[in-house]
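Here the structure comes first, spelled out in structure tokens, and everything after it is commentary.
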Amino acid sequence: MTTKTFKVKANTFRRLDDPFENGKSKKYVFYVLVDDVPEGIPMATNPREQKLTSAVARAIEESLCSNDGYFHLKNRGIVISAAKVTFNNSKEQVTLEFDDNMTQGNIDGGHTYKIICEHKNEQIEQYVQFEVMTGVEDIIEDLARARNTSVQVDEKSMAELSKKFDPIKEALEGMPFFKRIAFKQNQAMTDPNTGKNLKMIDAREVVAILAMFDIKNFSERNQPTMAYSSKAKILDMYLENPEYYRKFVNIAPDIFDLYG
């Protein structure tokens, strides 16, 4: 169980019940001073890694650091799925509880969240909006896809969120290059010795290599040309039936030893 506590002005806290009868979901909206935003909110529910050097990230940082008092209006805020939300009116305090990091955590606003965490305790008098939902675990993938629209989330990242790469992970988790496979957009890894970013391997490249050994779907008359001509098509083929690729679990290490 992960618990995060926010200091929140009571007059900004709002609870919205689901308008459908017997709806189990609830929504809570409130503003938080940037210095009161807690670190360590689960991030696995966000469909992409945060690239803080992008133009979008720089624009968010510039807006935050301008200290103009309008950040909470200009920024879209942070969207979170949580197990439980409680509000202590007398203490002006919100507590969020997370009990499943795969379906609860940051859904949208990951760049905003990480940039705020980098600039805490810098005397920035800005607020950010939090929108927290409970009871949405069953639709977490659809929520992530719908909310992440400022920069399009690629299909690979959505596949990772819905655990569709598990057959490949099962096959290759023991390989020395496994940690360098990018299953999510902007995923990166740093060399612990040099501190430099390592060259990542697109998960679609892994799918393409496996496809070249797929004798059921390809043959001499129907060769796997899409393996090198179209990453999108090879991923689409994989996503039609990810479980089919479990048959490669035992031979995948040999395939990649041969490829290397």
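The values are calculated or read from the model by the stated rules, or taken from the named source; none is laboratory data. The structure displayed is predicted, hence computed values, not measured ones. Methodologically, a virtual Cβ is constructed for each residue, glycine included, from the backbone with ideal geometry; neighbour enumeration extends over all protein chains shown.
Give M158, M200 a once-over and let me know the one that is surrounded by 16 or more Cβ atoms within 10 Å (Cβ to Cβ) and either modelled with pLDDT of 80 or more or polar (S, T, N, Q) (or both). Don't jump to the end; show me each part of the working.
Numbers: M158 fails: either modelled with pLDDT of 80 or more or polar (S, T, N, Q) (or both).
When all the criteria are applied, what remains is M200.
I want to confirm something. Restricting to segment 216-258 and keeping residues that are of a type in the set (V, I, T) and part of a helix (DSSP H, G or I), which single residue is surrounded by the fewest Cβ atoms within 10 Å (Cβ to Cβ)?
I255
Taking only segment 164-215 into account, find how many residues are in a loop (DSSP other than H, G, I, E, B), over 16 Å from A252 (Cα atoms), free of Cβ contacts under 8 Å to residues at least 12 places away in the same chain and not aliphatic (A, V, I, L, M). So that I can check it myself, show each step before the final result.
We begin by selecting, within segment 164-215, every residue in a loop (DSSP other than H, G, I, E, B); these are 164-165, 173-177, 183-184, 186-189, 191-196, 198-200, 212-215.
With the extra rule that they be over 16 Å from A252 (Cα atoms), the set shrinks to 164, 183-184, 186-189, 191-196, 198-200.
Retained after the next criterion (residues that are free of Cβ contacts under 8 Å to residues at least 12 places away in the same chain): 189, 191-196.
Imposing the further condition that a residue be not aliphatic (A, V, I, L, M) reduces the set to 191-196.
Residues in segment 164-215 being in a loop (DSSP other than H, G, I, E, B), over 16 Å from A252 (Cα atoms), free of Cβ contacts under 8 Å to residues at least 12 places away in the same chain and not aliphatic (A, V, I, L, M): 6 in total.
Identify, from the list K120, K164, K114, the residue that is surrounded by 15 or more Cβ atoms within 10 Å (Cβ to Cβ), over 30 Å from S230 (Cβ atoms) and charged (D, E, K, R).
On the way: K120 fails: surrounded by 15 or more Cβ atoms within 10 Å (Cβ to Cβ); K164 fails: over 30 Å from S230 (Cβ atoms).
When all the criteria are applied, what remains is K114.
Could you list, in sequence order, the residues of segment 103-116 that are in a strand (DSSP E or B) and either without any contact (Cβ under 8 Å) to a residue 60 or more places away in the chain or of a type outside the set (G, A, S) (or both)? Don't jump to the end; show me each part of the working.
Of all residues in segment 103-116, those in a strand (DSSP E or B) come to 105-108.
Selection gives N106, I107, D108.
For segment 94-126, how many residues meet the condition of being closer than 17 Å to A57 by Cα and of a type in the set (F, W, Y)?
1
For segment 32-48, enumerate the residues that are buried (at least 19 other Cβ atoms within 10 Å of the Cβ) and touching a helix residue (DSSP H, G or I) at 6+ places or on another chain (Cβ under 8 Å).
Once the filter is applied, which keeps residues that are buried (at least 19 other Cβ atoms within 10 Å of the Cβ) and touching a helix residue (DSSP H, G or I) at 6+ places or on another chain (Cβ under 8 Å), segment 32-48 yields V34, V37, I41, T45, N46, P47, R48.
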